[in-house]
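As structure tokens, the structure follows; a few thoughts come after it.
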Amino acid sequence: MRLILKWGTVLAFAELLGTLPVAAQYPVQSSKSNQNTAEVRAVGVLEWTGDQDHPKASRLIPVSVYDGAELQDGGIYLARPAPLALSSEVEYELKDNGKTVGFFDIDNAGQVQGSWVGFGRWKPLPRPKPVAHTTPSASKEVWADDAQSDHPVLHRKHNSGDASGSDSDKGGSSGQAPDPDRPTLHKKDSGNSSTDSGTATGDSSTPSDPDRPTLHKKASDDDSASSSGSTEPDRPRLKKKSQSTEDVAYVDSVSTLSDPDRPTLKRGKSTESGPGIGPTLMGLPPDMRQVVAVSDAKSRPEHLWSYSWASPDDEAKMKASIEDLARSALGLTPPAPAPAPAHKTTTSAKKKANPAAPPAPAPLLDEQFRVFELAYGSGATMVLSAHTDGTGAKEKFVTLVAQPDLYGNVLVLVKNVTDAAHLDDKPRMRLVDAVDAMADNRGELLFELRGETQRQFALYRVLRGQADRLFATGPGGIETAPATNE
């Protein structure tokens, strides 16, 4: 606050002394809209199992929220009670190497092992609309003479009652006699109107056809005795049951009741109930996959993080070098053979002796090797992760973050080596992806620090030949999946 007031006083004094050369050479430009606009950007990790388009279960882990000044813990930032990063209807863009592969909408959130987790719906990218190919409409040709046209023309046949002098009669059809075999439809006249020639005159209630069936209304119990006597005496009849006052149910109005806790039933769907929670992901199943999720108040262009080597030989050389460093860190490098004892050999024996073939390199299980360009024009940043076979202390994990130096060698910036028996003391580093956490067009490496019972996420920034931990979330417990009876 003091710095703002101080610089405000200096700027006001410079405006009064408008003749100062410094103020003339370096004009002060201020943008009120830029000062009041906050840069809010949330980063999370979406974990799911099953197909990418139709996941079986999923959850979103909040990692960080950039408030325009610094990174905040996404799991506790503005929690009321759920954190801001897991507010309902917040949409995340799912990024794979900087490319948007889908969307995830938050429906609700809950606490799992003391940490907030978001649940929602995975939405694929909208498909582009097909381009409608417009064809030019066929031109309508007007034929002056029907005799010269090959198209059939339908003419309306004129009746004898039409006006002979109408404008539509151009072919002399009014003079033609009507067809005597043509059926003619006549409208039935009512009892008050006169009938046409050829129809019977008389009462309208009398049907013209003697064989035509006539429908009569059934007489009720209250009709005259003459009508009731015509019915059969043995014919069963259904009678309407008379309602007695004892059988009639009644409801009193409850609007005057003073009980405030009395439940009220309303018709229709309730608007206060939240959306249902979908299938949640429990534990850390072996087929679980992860992808970076980013939610930003502004729409920003995509920034791909893949690095393009100048030559494929350079990539193969660097990968082989960093794999040798990983084997050495895991203790998989065989010891150097002992020198052979010195003794005299003949020249023919030297020619027959063949050099021993080098042993095959030890395998690296679940090897993951990726190369990033974390800023435009920067060099390659390599990340390799692998582990050995075994259980307990024999199962070792390694993660290396390295860059090529000026001499073409591998410069290791981060080295993480641990085993399955000491994961809580030193968790293993598992790369998730690169992400721009602060919207500055510079990528950070997002790692999962997974222990035996706890885990957390950390952002590393690689700059000027060194890698520093920029941010880390609080540790969260790892829930165990419920046992199922098969």
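The values are calculated or read from the model by the stated rules, or taken from the named source; none is laboratory data. Just so you know, these numbers come straight off a predicted model, no measurement behind them. As a convention, Cβ positions derive from the backbone with ideal geometry for all residues, glycine included, and neighbour counts pool all protein chains shown.
Remarks
- Looking only at the range 397-439, and only at residues there that are among the small types (Gly, Ala, Ser) and under 14 Å from Gly451 (Cα atoms), the one that is surrounded by the most Cβ atoms within 10 Å (Cβ to Cβ): Ala420
Table: residues versus (1) assigned by TED's automatic domain parsing to the domain that holds Ala393; (2) at pLDDT below 90; (3) in a strand (DSSP E or B); (4) within 29 Å of the chain's Cα centre (by Cα).
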| residue | (1), (2), (3), (4) |
| --- | --- |
| Met438 | yes, no, no, yes |
| Arg442 | yes, no, no, yes |
| Ala458 | yes, no, yes, yes |
| Arg461 | yes, no, yes, yes |
| Arg469 | yes, no, yes, no |
| Ala483 | no, yes, no, no |
| Glu486 | no, yes, no, no |
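- Contacts under 6 angstrom Cβ, first residue in the range 366-390 being in the same structural domain as Lys317 (by TED's automatic domain parsing), partner in a strand (DSSP E or B) and small (Gly, Ala, Ser), 6 or more apart: Glu367/Ala386; Gln368/Ser385; Phe372/Ala434; Met382/Ala402
- When the range 366-389 is filtered for residues that are part of a strand (DSSP E or B) and among the β-branched types (Val, Ile, Thr), the ones remaining, listed by number, are Val371, Thr381, Val383.
- So Asp389, is it among the acidic types (Asp, Glu), at pLDDT below 95 and farther than 19 Å from Pro404 by Cα: yes
- Where a residue in the range 57-70 is in contact (Cβ under 8 Å) with a residue 40 or more places away in the chain and over 18 Å from Leu46 (Cβ atoms) and its partner, wherever it lies, is of a type in the set (Gly, Ala, Ser) and buried (at least 16 other Cβ atoms within 10 Å of the Cβ), with Cβ under 9 Å and at least six apart: Tyr66/Ala42; Tyr66/Ala437; Tyr66/Ala439
- Candidate set from the range 279-312 (those that are assigned to a loop (DSSP other than H, G, I, E, B) and among the small types (Gly, Ala, Ser)); member that is nearest to Phe369 (Cα to Cα): Ser308
- The lone exception for Gln368 - which of (1) more than 22 Å from Ala472 (Cβ to Cβ); (2) at pLDDT 95 or above it fails: (1)
- Unique residue being of a type in the set (A, V, I, L, M, F, W, C) and surrounded by fewer than 21 Cβ atoms within 10 Å (Cβ to Cβ) when the list is Leu78, Leu86: Leu78
- Residue check for Leu449: surrounded by fewer than 15 Cβ atoms within 10 Å (Cβ to Cβ), of a type in the set (A, V, I, L, M, F, W, C) and in contact with a Pro (Cβ under 9 Å, 6 or more places away or on another chain): no
- For the range 431-476, a residue qualifies if it is among the β-branched types (Val, Ile, Thr) and either under 23 Å from Gln111 (Cα atoms) or in contact with a helix residue (DSSP H, G or I) (Cβ under 8 Å, 6 or more places away or on another chain) (or both), and the qualifying residues are Val432, Thr453, Thr473.
- Among the residues of the range 388-396, some residue qualifies, meaning at least one is buried (at least 17 other Cβ atoms within 10 Å of the Cβ) and not charged (D, E, K, R).
- Among the residues of this structure, Lys129 counts as one that is part of a loop (DSSP other than H, G, I, E, B), of a type in the set (Lys, Arg), modelled with pLDDT under 95 and not assigned by TED's automatic domain parsing to the domain that holds Val371.
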